[in-house]
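All remarks here apply to the structure that follows.
The values are calculated or read from the model by the stated rules, or taken from the named source; none is laboratory data. Owing to the predicted nature of the structure, the values given are computational and were not obtained by experimental measurement. Don't worry about glycine lacking a Cβ; one is built from the backbone with ideal geometry, like all the others, and counts go over all protein chains shown.
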């Protein structure tokens, strides 16, 4: 058993969770660490979570309200880690004004999300949703009756190869290569420049962080700039788009389709028109979920926990003035 010098305090870690717990957290955590667990499905326990804690793991990204509610009791907190890439639910005023360091789980979901997006692009291009709907004896169209799309811009129409527009970007991303898109950050196209990229887009893919600059950036005005053949894919945050404007564009036929993994309210209400609109694919915030993702989250967190205990730089430090991890972070 590792024994720290007497003058070094034992870190007190609080884990806020909902239904499930981080797998094998105790066995993976660097000793000695005192861990307290609080289930957020019991709201009355939240205010008792933070007193004396200097580290907080937000295991369920949807429970930022628990942190906000408990914040007045955070008398020793120095570090908050969230088991998600997005940190928008933690960017409340008291957090922003504090010296508390926030880190996220950037890197765990990147490749699975890129693969998911590529799968959606291929599904749209080859009209797989309609194929599934027509599946059955005597229902599938005869060969030659339905021509699938192409990702290379072929078929008699040349498309300008502009940044952030080509589906090939998703393919390169899924293979681990970099690509530029419309998102805030150093060296990238800004959200304000998004309208200039839309005129020739076949697919508009949203994976940006939710900040004051990106909230509602896809709205009636930006959707009107897309060609009618375009499809929208959102794997970022639901509030990146004005959902009613997307529904209106789909109904009007000015948007060919949409694949939505995130929504303004989650889970998506049963009476939402998105369930039944043609050309729409709905999934339950799962684009980054791949086999082993929970264990990867724990490995990233426990590495940071060891760094926190030893006073070393943390991975994925969030720039709270921007609301995401900047390129300069370890």
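Summary table
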| item | result |
| --- | --- |
| Test result for residue 228, under 18 Å from residue 278 (Cα atoms) and part of a loop (DSSP other than H, G, I, E, B) | yes |
| Search result, residues across region 206-231 that are in contact (Cβ under 8 Å) with a residue 40 or more places away in the chain and under 12 Å from the mean Cα position of the chain (by Cα) | 207, 209, 210 |
| Condition met for residue 121 (over 30 Å from residue 303 (Cα atoms), crowded, with 17+ Cβ neighbours inside 10 Å and touching a helix residue (DSSP H, G or I) at 6+ places or on another chain (Cβ under 6 Å)) | yes |
| Candidates 165, 135, filtered to the one that is at pLDDT below 95 and surrounded by 15 or more Cβ atoms within 10 Å (Cβ to Cβ) | 165 |
| Filter result (on the phi > 0 side of the Ramachandran plot and either modelled with pLDDT of 95 or more or in contact with a strand residue (DSSP E or B) (Cβ under 8 Å, 6 or more places away or on another chain) (or both)) within region 294-317 | 316 |
| Boolean, residue 259 is outside any helix (DSSP H, G or I) and crowded, with 20+ Cβ neighbours inside 10 Å | yes |
| Matching residues in region 13-32 - criterion: being touching a helix residue (DSSP H, G or I) at 6+ places or on another chain (Cβ under 7 Å) and either modelled with pLDDT under 80 or farther than 16 Å from residue 51 by Cα (or both) | 18, 22, 23, 24, 25, 28, 29, 30 |
| Qualifying residue in region 219-231 (condition: touching a strand residue (DSSP E or B) at 6+ places or on another chain (Cβ under 9 Å), over 30 Å from residue 129 (Cβ atoms) and modelled with pLDDT of 95 or more) | no |
| Search result, residues across region 284-296 that are surrounded by 15 or more Cβ atoms within 10 Å (Cβ to Cβ) and either without any contact (Cβ under 8 Å) to a residue 40 or more places away in the chain or over 30 Å from residue 23 (Cα atoms) (or both) | 285 |
| Subset of region 64-82 [surrounded by 21 or more Cβ atoms within 10 Å (Cβ to Cβ) and assigned to a helix (DSSP H, G or I)] | 64, 66, 67, 70 |
| Lone unmet requirement of (1) without any contact (Cβ under 8 Å) to a residue 24 or more places away in the chain; (2) surrounded by fewer than 15 Cβ atoms within 10 Å (Cβ to Cβ) for residue 268 | (2) |
| Region 93-118, residues that are exposed (fewer than 15 other Cβ atoms within 10 Å of the Cβ) and free of Cβ contacts under 8 Å to residues at least 60 places away in the same chain | 93, 94, 97, 99 |
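The rows are residues; the columns are (1) part of a loop (DSSP other than H, G, I, E, B); (2) closer than 28 Å to residue 324 by Cβ; (3) within 22 Å of the chain's Cα centre (by Cα).
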{"position": "233", "(1), (2), (3)": "no, yes, yes"}
{"position": "236", "(1), (2), (3)": "yes, yes, yes"}
{"position": "246", "(1), (2), (3)": "no, yes, yes"}
{"position": "254", "(1), (2), (3)": "yes, no, no"}
{"position": "265", "(1), (2), (3)": "yes, yes, yes"}
{"position": "285", "(1), (2), (3)": "yes, yes, yes"}
{"position": "296", "(1), (2), (3)": "no, yes, yes"}
